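As structure tokens, the structure follows; a few thoughts come after it.
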Amino acid sequence: MEVLKYWNVDSFEISTYKFNLSDRVNKTYKTSGSDNTELCSYSYNELGFRGDSITRKGFKVLSLGCSHTEGVGVNYVDTWPQIFCKYIPNGVNLNFGTGGRSNDFIARCLLTYYDYVKPDLVLIVYPDICRREIYTDEGGIEPFMPQSSWGYLLETTNGENIQNNMVALQNENSDFINWYKNHLLIKYFLESKGANWLWNGSMNIPTDYKEFNRFDGDFATVIDKAVDGGHHGPIHNKKYAETLFNYISSEFPSYIPNIKKT
């Protein structure tokens, strides 16, 4: 059996069968995930993420999440991480949001890139807790969600078996425990770094789980839809970014130098 090498900055992947991170490095596409309208432009940096170059100097904001953070269905200027960074003088948008990915992915991505990019602020929007990362017998890594399958889990016999078995084994308790494990890993890691960070749990995280740096805002209440009809539109993203920025201005003013409400 081939074993996947320990991931690092040079070997990090979001999947190994298709939809590879490495295929997006320094490229621009007209589609992403569920958006096949070709009405938006998707440009990716030297790491394959939809954000500023990691070499750009300034106040670095690392955003982690799924397609709602990447901004599927809207142009770059209308993604909430980019709008948020525009409120910060010399703000650098390190948007590591990736469509279809999970809280497993967020934990792995953060641990891999944090010391490399050295962000000044970390903003996390947790995806639905039913999602996972699957590690295959072939040494690969693939995204999983019970509602649908794609790539390896759809197009290979072994992948179909994994999909069916995962769906059969899954329950709400295992979903929450898996998220909680990832959250504690992220929490203790960021605290050990002395990082400034907030997290959003509005995507199916139990509302009674409270922490001082949890901020759900109005993220889950859709104001307008993106061109694909399944994601948040420009008005929604702008409202969320503005509300989040003003919340930090009020509750965590030390997070951003010379911060002022919008």
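Computed from the coordinates by the stated procedures, all read-outs in this text should not be read as laboratory data. All figures in this text were calculated on a predicted structure; none of them were measured in a lab. Using ideal geometry, Cβ is built from the backbone for each residue, glycine included, and neighbour counts are taken over all protein chains shown.
Listed by chain and number, the lysines whose alpha-carbon sits under 23 Å from that of residue 118, ignoring those within fewer than 8 places in the same chain, are 57, 60, 86, 187, 193. Using Cα centres only, tell me the gap between segment 178-236 and segment 96-134 in whole Å. After rounding, the separation between the Cα centres reads 11 Å.
The Rg/Rh ratio for segment 135-221, using Cα coordinates for both the radius of gyration and the Kirkwood hydrodynamic radius, is 1.06. From the Kirkwood radius over Cα pairs of segment 19-99, Stokes-Einstein at 37 °C and 0.692 mPa s returns a whole-number translational diffusion coefficient of 262 µm²/s.
Sites listed here are chymotrypsin sites (Phe, Trp or Tyr not before Pro) in segment 199-229 whose DSSP assignment is loop and whose Cβ has at most 12 other Cβ atoms within 10 Å: 209, 212. Here is how the number arises for the chain: DSSP H runs of 4 or more residues each give -39500 (n - 2.57), the sum is divided by the residue count, and the result at 222 nm is -9500 deg cm²/dmol. Once the Cα-Cα distance is subtracted from the 0.36 nm per residue extended length, the residue 192 to residue 20 segment shows a gain of 58.8 nm. For the listed peptides 239-250, 76-87, a ranking on the average number of other beta carbons within 10 Å per residue, highest first, reads 76-87, 239-250. Take the Cβ atoms of residue 157 and residue 57, set R0 to 51 Å, and the FRET efficiency comes out at 0.55. Counting neighbouring beta carbons within 10 Å and listing from fewest to most, the residues 142, 160, 191 come out as 191, 160, 142.
Translational diffusion coefficient of segment 14-63 (Stokes-Einstein, Kirkwood radius from Cα pairs, 25 °C, 0.890 mPa s): 203 µm²/s. Full extension of the chain segment joining residue 138 with residue 177 gains 11.4 nm, where the gain is 0.36 nm per residue of separation less the Cα-Cα distance. Computed from point charges on the beta carbon alone (+1 for Lys and Arg, -1 for Asp and Glu), the dipole magnitude for segment 111-262 about its Cα centre is near 700 Debye. Shape class for segment 1-147: prolate, because the ratio a/c of the largest to smallest gyration tensor axis (alpha-carbon atoms, square roots of eigenvalues) is 1.5 or more and a/b beats b/c. Residues 24, 214, arranged from fewest to most other Cβ atoms within 10 angstrom of their Cβ, appear as 214, 24. Please report, to two decimal places, log10 I(q)/I(0) for segment 62-125 at q = 0.20 Å⁻¹ as given by the Debye formula with identical point scatterers on the Cα atoms and no solvent. The Debye formula, applied to the Cα set alone, gives -0.75. Loop-located GluC sites (Glu not before Pro) in segment 17-111 (DSSP state not H, G, I, E or B) with no more than 10 neighbouring Cβ atoms inside 10 Å: 38, 46. Sorted into 5 angstrom bins from 0, the C-alpha pair distances of segment 207-262 split as 4, 19, 22, 17, 17, 13, 6, 1 percent. If you take all C-alpha pairs in segment 56-96, what percent of them are over 17 Å apart? Everything past 17 Å amounts to 23 percent. For the chain, DSSP calls about 40 percent of its internal beta bridges antiparallel. For the chain, the longest principal axis of the alpha carbon atoms and the long axis of helix 157-169 meet at an angle near 70°. Taking 7 Å steps out from each Cα toward its Cβ at residue 34 and residue 216 produces label points 2.0 nm apart. Backbone geometry of segment 228-234 corresponds, through the Karplus equation with coefficients 6.51, -1.76 and 1.60 at θ = phi - 60°, to 3J(HN,Hα) couplings of 7, x, x, 10, 5, x, x Hz, x marking Gly and Pro.
Run the numbers for residue 209 and residue 116: contour at 0.36 nm per residue of separation, minus the present Cα-Cα distance, in nm.
Result: 30.4 nm gained on full extension.
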